[in-house]
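For reference, the structure discussed in these notes is given below.
The values are calculated or read from the model by the stated rules, or taken from the named source; none is laboratory data. If you're wondering where the values come from, they're calculated on a predicted model, not measured in any experiment. A quick note on method: Cβ atoms are made from the backbone with ideal geometry, for glycine too, and the neighbour counts reach across all protein chains shown.
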Amino acid sequence: MSFNNGVVPGIVENVSKAVVGKKDTVEKLLVALFAGGHVLIEDVPGVGKTTLVHAVARSTGCSFKRIQFTPDLLPSDITGVTVYNMKQGEFEFKEGPITSNIVLADEINRGSPKTQSSLLEAMQERQITVDGNTYKLPEPFMVLATQNPIEYEGTFPLPEAQIDRFTIRISMGYPAYAEEKNILNKYKSGGVLDKIEPVIGVPDIMKIRGIVEEVQMDDSILDYIVRIAQATRDHKDVYLGCSPRGTLALFNNSRALAFIRGREYVLPDDVKELIFCTLAHRIILKSEARIQGKDQNSVLSEILRNIKVPVANSNG
């Protein structure tokens, strides 16, 4: 490739200074970043979700803002407000924390539905509208949201329109014994995040995005992606299947993963690796299926078994 994607292992290694044993999770975040998407990190409190986001932001040299979602948070606390400047005798816009390269929406499902919806325009169109005026957001722009499981007290389920805007949903999980001991050793001296320096910068990210757009995908793999998306809508256990936005996300994510793997073309394995984290959160099951103990991953696994994997031409 025209750009040395050896920077990717460097980012992963850099993030591992603060987050232990989560290489796959970090790679998924980079897939979304390079594909121009957003990430929802869902897990119980205390497993390092916020630390992971901080470490990725520092490693990529992006501007970073954190929004702590609470029930009393208002949309204007996120987008900003227009105020009257008495000295200049005119109204001026005071930007909110949304105007940053990487925005951490911490515990997003603790915010009210009205406040959650203030992110919709930003996530889809990379702009915000305040008092009738539209303001472009910086590029790259990425929302990294964390949420606790919805059965926790004081949480509001994310609306379908918003959850569909997350390119990838991941879960970190608890660390293994050796990983947890390593965490204690790393934090002996404290200030782990302060030791993380940028590996790349904003111009590098934009350059990588351009390269990702040139990654080749054979028509047979395009057909494979579409057949998977169509199958989620026709499955007997599914009430609401994958949206066209989800199909496009799987397409873009697969190209980004191919870049991370050092290839100029997509393989079927790239698609298969990303199906669950890209599509599962976009699927709503019928109540009968949930009663029977089925979930989105089991439905996607069944779909994968029933769709023939293409033999792609590596030349795209």
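GLY293 is checked against (1) at pLDDT below 95; (2) at negative phi; (3) of a type outside the set (Ser, Thr, Tyr) and fails just one. What number does that condition carry? Checking GLY293 against (1) at pLDDT below 95; (2) at negative phi; (3) of a type outside the set (Ser, Thr, Tyr), the one that fails is (2). All conditions in (1) at pLDDT below 85; (2) assigned to a loop (DSSP other than H, G, I, E, B); (3) not acidic (Asp, Glu) hold for GLY37, with the sole exception of (1). Of the residues making up the stretch 62-69, at least one is touching a residue at least 40 places away in the same chain (Cβ under 8 Å) and outside any loop (DSSP other than H, G, I, E, B). Just one of the listed residues (LEU30, LEU52) is touching a strand residue (DSSP E or B) at 6+ places or on another chain (Cβ under 8 Å), surrounded by 16 or more Cβ atoms within 10 Å (Cβ to Cβ) and not acidic (Asp, Glu), and it is LEU52. Here ASN14 meets the list (1) part of a helix (DSSP H, G or I); (2) modelled with pLDDT of 90 or more almost entirely, failing just condition (2). Condition check: touching a Lys or Arg at 6+ places or on another chain (Cβ under 6 Å) and not β-branched (Val, Ile, Thr). Does GLY246 satisfy that? In short, yes.
Conditions (1) surrounded by fewer than 19 Cβ atoms within 10 Å (Cβ to Cβ); (2) closer than 29 Å to GLY61 by Cβ, marked per residue:
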position	(1), (2)
GLY190	yes, yes
LEU193	yes, yes
PRO203	yes, yes
ILE208	no, yes
GLU213	yes, yes
VAL226	yes, no
LEU248	yes, yes
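Scanning the stretch 110-121 for residues that are touching a residue at least 40 places away in the same chain (Cβ under 8 Å) and within 11 Å of GLN162 (Cα to Cα) yields a count of 6. Scanning the stretch 66-93 for residues that are in contact with a Lys or Arg (Cβ under 6 Å, 6 or more places away or on another chain) and aliphatic (A, V, I, L, M) returns VAL81, VAL83. Could you check, for the stretch 201-211, whether at least one of its residues is of a type outside the set (Val, Ile, Thr) and in a loop (DSSP other than H, G, I, E, B)? For the stretch 201-211, residues of a type outside the set (Val, Ile, Thr) and in a loop (DSSP other than H, G, I, E, B): present. Being hydrophobic (A, V, I, L, M, F, W, C), closer than 24 Å to ILE41 by Cα and free of Cβ contacts under 8 Å to residues at least 12 places away in the same chain: is that true of LEU193 here? In short, no. Please verify whether LEU248 is at negative phi, modelled with pLDDT of 95 or more, part of a helix (DSSP H, G or I) and in contact with a helix residue (DSSP H, G or I) (Cβ under 6 Å, 6 or more places away or on another chain), treating the condition exactly as stated. No; evaluated as a whole, the condition is false for this residue.
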